[in-house]
1. Could you please let me know if SER100 is under 30 Å from ALA247 (Cβ atoms) and either of a type in the set (Ser, Thr, Tyr) or open to solvent by 20 Å² or more (accessible area, probe 1.4 Å) (or both)?
2. Cβ-Cβ under 9 Å, sequence separation 6+ or interchain: first residue in segment 170-184 and of a type in the set (D, E, K, R), partner exposed (fewer than 12 other Cβ atoms within 10 Å of the Cβ). Which pairs?
3. Every residue in segment 186-226 that is loosely packed, with under 13 Cβ neighbours inside 10 Å and outside any helix (DSSP H, G or I), please.
4. Could you grab me the full set of residues in segment 158-185 that are open to solvent by 40 Å² or more (accessible area, probe 1.4 Å) and either charged (D, E, K, R) or within 50 Å of the chain's Cα centre (by Cα) (or both)?
5. Evaluate the following for SER170: is it small (Gly, Ala, Ser) and either under 30 Å from GLY146 (Cβ atoms) or in a helix (DSSP H, G or I) (or both)?
6. Starting from residues that are surrounded by 15 or more Cβ atoms within 10 Å (Cβ to Cβ) and in a helix (DSSP H, G or I), keep the ones in segment 59-87 and report whichever is modelled with the highest pLDDT.
Amino acid sequence: MTGFWQKSCVAAFMCVVLLISSAPSFTQEATPEMANPAVSSPLPNVEAPMPQLPASAASSQALTDVQDGPILPHDLSPWGMFMAADWVVKAVMIGLALASLLTWTIWIAKSMELAGARKRVHKVLKTIGDSATLTEATESIGNVQGPAAMLVRAAEDEVRLSAPILPRVSSEGVKERVTSRLVRIEAKAVRRLSKGTGILATIGSVAPFVGLFGTVWGIMNSFIGISQTQTTNLAVVAPGIAEALLATAIGLVAAIPAVVIYNIFARAISGYRQLLGDASASVERLVSRELDFRTAAIHAKEFRAAE
């Protein structure tokens, strides 16, 4: 009895093992058909006809595709924008560049001229301060050139021309004539030194508006381009707007240094005028001293003659 139950258990165990080993193959064979039933029953291949667009709609669609497509990059460097700009904007940029070049040329030339003029005036002022009489100052100046030296020579010349009538008239007339000559020499020197500064004032006041004119012209062309291409894509008109704004930038580059340099020269020329005024006052003192010495000498001579 025991042997029968043992054989029965072994047989049942073998049946379970066979069932477990055959289960995966059954699952692998059945799963593809259950997962994709369309494979076992394919549908007929029916090609649906594509709708045909009208010719006008097709051309509009093509234009939209071209307009909305990628835009080739532009050269947005200053030189590239200048070369791509309109001829009016180019003319504005060239004119502003020449104005800027003229500004810096005047700055260099006038700076050297002012430095030399101030140096000569200081030298003559020192000579006048070390001299006791007008004759001594004239001899000490020698061949020195410049307005300050001309002041001394003009005063000496006027005193020399008026010497024959000094015993008979007052010295006030001589002083007035000397002052008149000194004032005119001073005004001429300042006027000559101020030449060129008016150009700086003109550039400083006009250049921004010239650049603005170039900007308005360039933006106007950009809006015309928008109308012709019938697109609102900013990449189409951005290069033209950038070229127009470059004209305004160049106008400011030309105007700002011109205004600054003009103010510097205005203060420098005002200081130079004051130096010439000091030289004129020193020369007038020498003239007054010279006339007093001559008047005293004449009175002494007349007193000796009366004795």
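The values are calculated or read from the model by the stated rules, or taken from the named source; none is laboratory data. Predicted model only: the values in this text are computed from it and were never measured. Cβ atoms come from the backbone with ideal geometry, glycine included; neighbour counts cover every protein chain shown. We work out accessible area using only protein heavy atoms, side chains counted, and drop any ligands, DNA or RNA first. Shrake-Rupley method; radii C 1.70, N 1.55, O 1.52, S 1.80 Å.
1. Yes; evaluated as a whole, the condition is true for this residue.
2. Hits for this filter: ARG177/LEU161.
3. Result: LYS195, single match.
4. ARG160, ARG168, GLU172, LYS175, GLU176, ARG177, THR179, SER180, ARG181, VAL183, ARG184
5. no
6. Top of the filtered list is MET81.
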